[in-house]
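Undergrad: Would you mind keeping the following structure in view while I ask a few things?
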Amino acid sequence: MKNKEEKKPPETAAPPKEQEDQQAQGVAQEPDLAAELEKLRTELEEHKQQHLRVLAEYDNFRKRTAAEKTAIYNNAVSDTVQAILPIADNIGLALNQENASGEDMRKGVEMIEAQIEAVFEKLGITASGEVGDAFDPNLHNAVAHIEDENLGENVISAVFQKGYTLGDRVVRHAMVQVAN
């Protein structure tokens with residue numbers, strides 16, 4: 001049996017002159033490739049360093065922002081407490097009065113209430129929920145309902161607890177009784 005497969009020389013074998021030219025180009029291409037590789041490595045290292053700087057800047061920004069947020073909150077609480085402290089002082093003075101009449105105590109409490117209203121006004125807090133106002137579920141919490149022909153539909157007939165808003169934000173809903 002004869003071997004049907006015969007070894008043939010490669011069809012694309014280049015003549016010896018062309019092989020020498022290709023080898024010369026290969027040798028010439030190697031330094032170019034090494035230079036290109038070194039250039040790419042340098043660029044990669046620069047990008048790594050730039051990336052690390054951006055990460056560090058972001059981390060510093062995040063920490064600084066958190067510290068500023070805490071400082072703003074603490075300043076707001078401090079300002080609010082400073083506004084309320086005179087009221088607390090007056091309540092303490094009123095309670096320390098041993099020989100005060102009922103009328104004097106009432107007058108003192110009214111003065112404290114006026115002081116509280118002034119502080120709320122200074123802080124931008126407004127009261128909501130007055131008898132006769134139209135019921136608004138965004139501002140009021142209806143806890144009771146009555147039928148009263150003297151009042152219109154969905155009108156506040158009694159206020160059990162005042163509500164307060166700060167700008168557009170509801171601090172506390174008013175607890176009210178609604179008619180009809």
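Undergrad: So His140 ticks every box in (1) loosely packed, with under 15 Cβ neighbours inside 10 Å; (2) at negative phi but one. Which box is left unticked?
TA: (1)
Undergrad: Could you grab me the full set of residues in the stretch 143-166 that are open to solvent by 60 Å² or more (accessible area, probe 1.4 Å) and closer than 30 Å to Thr80 by Cβ?
TA: Hits for the stretch 143-166 are Val143, Phe160, Gln161, Lys162, Leu166.
Undergrad: Another question about this same structure. Conditions first: (1) over 26 Å from Gly167 (Cα atoms); (2) among the hydrophobic types (A, V, I, L, M, F, W, C); (3) at pLDDT 95 or above. Ala100 passes all but one, so which condition is the exception?
TA: The failed condition is (3).
Undergrad: Can you work out which of the residues in the stretch 43-78 that are β-branched (Val, Ile, Thr) and under 17 Å from the mean Cα position of the chain (by Cα) is least open to solvent (accessible area, probe 1.4 Å)?
TA: Looking at residues that are β-branched (Val, Ile, Thr) and under 17 Å from the mean Cα position of the chain (by Cα), I get Thr65.
Undergrad: I want to confirm something. Restricting to the stretch 84-115 and keeping residues that are open to solvent by less than 60 Å² (accessible area, probe 1.4 Å) and under 36 Å from the mean Cα position of the chain (by Cα), which single residue is farthest from Ala158 (Cα to Cα)?
TA: Looking at residues that are open to solvent by less than 60 Å² (accessible area, probe 1.4 Å) and under 36 Å from the mean Cα position of the chain (by Cα), I get Pro86.
Undergrad: Here's a follow-up. If I go through the stretch 62-120 residue by residue, how many of them are of a type in the set (S, T, N, Q), free of Cβ contacts under 8 Å to residues at least 12 places away in the same chain and assigned to a helix (DSSP H, G or I)?
TA: The qualifying residues number 6.
Undergrad: Residues Val131, Val81, Val119: which one is β-branched (Val, Ile, Thr) and open to solvent by 90 Å² or more (accessible area, probe 1.4 Å)?
TA: Going through Val131, Val81, Val119 in turn, just one is β-branched (Val, Ile, Thr) and open to solvent by 90 Å² or more (accessible area, probe 1.4 Å): Val131.
The values are calculated or read from the model by the stated rules, or taken from the named source; none is laboratory data. Here the structure is a predicted model, which means the values were calculated and not measured. Note that each Cβ is placed from the backbone with ideal geometry, even for glycine, and that neighbours are counted across all protein chains shown. Quick note on the areas: whole protein, heavy atoms, side chains included, nothing else; ligands and nucleic acids left out. Shrake-Rupley method; radii C 1.70, N 1.55, O 1.52, S 1.80 Å.
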